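So the structure is just underneath, and the comments pick up after that.
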Amino acid sequence: MDAVLSSSPPDSAHLAGLALRRRFRLPWVVDFRDPWVGLQFRTPPTRWHRARQAAMERSVLASADLVLAASRTHADDLRRRSSRAGDPDAVTLSGRLELLPNGYEPVVTASAHAPVATGDPAHADFFTLVFTGTLSQMPDADVFLESLHDLLARRPEARRRVRAHLAGPFEGSHADRATALGLTGIVHFAGPLAHEATRDLQRRADLLLLWKPRGAGYRTMVPGKLYEYLDAGPPVLAMLEQNDEAAELVRRAGGEVVPPGDRAPMTDAIERRYLAWKDGRRARAPRPAWLEEHTRASLAARLARLLDGLPRGDA
């Protein structure tokens with residue numbers, strides 16, 4: 001064994017990595033796909049628990065030979081915390097912190113003309129909106145449903161021509177909301193799909209939808225599906241804060257960002273895209289040149305170079 005690499009979540013993986021580092025004196029890479037207890041799914045219940053979690057994180061950061069962050073926002077946060085003047089708890093990360101973002105696996109074998117594996121497949125006769133990923137704990141899923149309801153109130157003929165496919169785990173409350181809004185037969189909750197079917201659905205969309213959990217704890221989150229969206233080709237419409245890192249990537253790729261929690265801008269954006277489609281202008285987004293850096297192969301090669309640069313272990 002030449003090195004130890006621990007990746008989170010869960011954060012406990014790094015505690016195991018720390019134990020291996022101390023026992024075998026091997027170079028250690030700490031890989032954060034998410035911040036330490038940073039996404040607020042489990043907020044520390046007391047101040048003591050919060051302090052204990054912070055102490056464990058400091059111990060991990062202080063002992064690692066290399067720290068990897070999945071987003072620029074998280075890397076910047078770690079950098080700021082490590083350089084706080086006069087802070088006895090600050091851990092210096094100079095020369096030990098690298099950005100290794102999430103990425104995607106290009107699908108080259110799936111046919112662009114293969115049928116979509118859902119009960120209500122995308123079809124050229126419909127203006128097709130697609131969201132893939134987890135819908136649970138996503139209030140903007142309901143904002144989208146309300147926006148679609150508003151669009152159909154403005155454009156009644158769109159009921160025959162617009163279809164929305166939401167693929168991934170969802171809560172019954174979302175389906176109930178769609179029914180209450182009169183979207184039965186228009187919105188299809190596909191549930192979890194095989195990865196190939198999900199990618200095929202993305203490619204067949206006329207508009208790809210993106211949102212994520214709200215709150216300061218999610219600033220660092222860049223959904224992995226964003227890279228798949230950009231690889232798929234259809235334009236992206238995202239409900240995100242304007243200064244969010246994911247929002248910046250959407251704009252860099254030519255997509256559109258509207259504020260989360262506000263149905264009116266979302267309705268307006270969908271209406272513009274629908275009217276363009278109705279006029280025969282089916283939009284396709286140019287593939288960003290920088291997207292190649294986010295393929296699994298490119299990221300694995302970069303990780304290999306970082307591992308080659310680690311100091312040799314003592315054992």
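The values are calculated or read from the model by the stated rules, or taken from the named source; none is laboratory data. As the structure is a prediction and not an experimental result, all values here were calculated from the model. Here the Cβ positions follow ideal geometry from the backbone for every residue, glycine too, while neighbour counts run over all protein chains shown.
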Search result, residues across segment 225-258 that are over 14 Å from Arg287 (Cβ atoms), in contact with a strand residue (DSSP E or B) (Cβ under 7 Å, 6 or more places away or on another chain) and not in a helix (DSSP H, G or I)
Leu237, Ala238, Met239, Leu240, Gln242, Glu256, Val257, Val258
Considering only segment 42-69, how many residues are touching a residue at least 24 places away in the same chain (Cβ under 8 Å) and out of contact with any Pro (no Cβ under 6 Å at 6 or more places or on another chain)?
14
Could you check segment 1-24 and list, in sequence order, the residues that are in a helix (DSSP H, G or I) and more than 17 Å from Glu57 (Cβ to Cβ)?
Leu20, Arg23, Phe24
Answer yes or no: is there a residue in segment 203-217 that is surrounded by fewer than 21 Cβ atoms within 10 Å (Cβ to Cβ), under 18 Å from Ala141 (Cα atoms) and in contact with a strand residue (DSSP E or B) (Cβ under 9 Å, 6 or more places away or on another chain).
no
Expected single match for in contact with a strand residue (DSSP E or B) (Cβ under 8 Å, 6 or more places away or on another chain) and either on the phi > 0 side of the Ramachandran plot or not aromatic (Phe, Trp, Tyr) (or both) among Ala194, Ala178 is Ala178
Within segment 203-211, can one find any residue that is on the phi < 0 side of the Ramachandran plot and in a helix (DSSP H, G or I)?
yes
Matching entry among Arg287, Arg282, Arg272, Arg312 (being at pLDDT 95 or above and either over 17 Å from the mean Cα position of the chain (by Cα) or not in a loop (DSSP other than H, G, I, E, B) (or both))
Arg272
Subset of segment 35-56 [at pLDDT 90 or above and in contact with a helix residue (DSSP H, G or I) (Cβ under 8 Å, 6 or more places away or on another chain)]:
Pro35, Trp36, Met56
Taking the residues in segment 175-197 that are under 20 Å from the mean Cα position of the chain (by Cα) and of a type outside the set (Asp, Glu) as candidates, determine which candidate is farthest from Thr134 (Cα to Cα).
Ala197
Residues of segment 131-164 being surrounded by fewer than 18 Cβ atoms within 10 Å (Cβ to Cβ) and within 16 Å of Tyr229 (Cβ to Cβ), which ones?
Thr134
Across segment 1-25, which residue is farthest from Val67 (Cα to Cα) among those that are touching a strand residue (DSSP E or B) at 6+ places or on another chain (Cβ under 6 Å) and free of Cβ contacts under 8 Å to residues at least 24 places away in the same chain?
Leu20
Scope segment 159-172; condition touching a residue at least 12 places away in the same chain (Cβ under 8 Å) and over 18 Å from Leu208 (Cα atoms); matching residues
Arg159, Glu171
Going through segment 97-141 in order, the residues found to be of a type in the set (D, E, K, R) and either under 16 Å from the mean Cα position of the chain (by Cα) or modelled with pLDDT under 95 (or both) are Glu105, Asp120, Asp125, Asp140
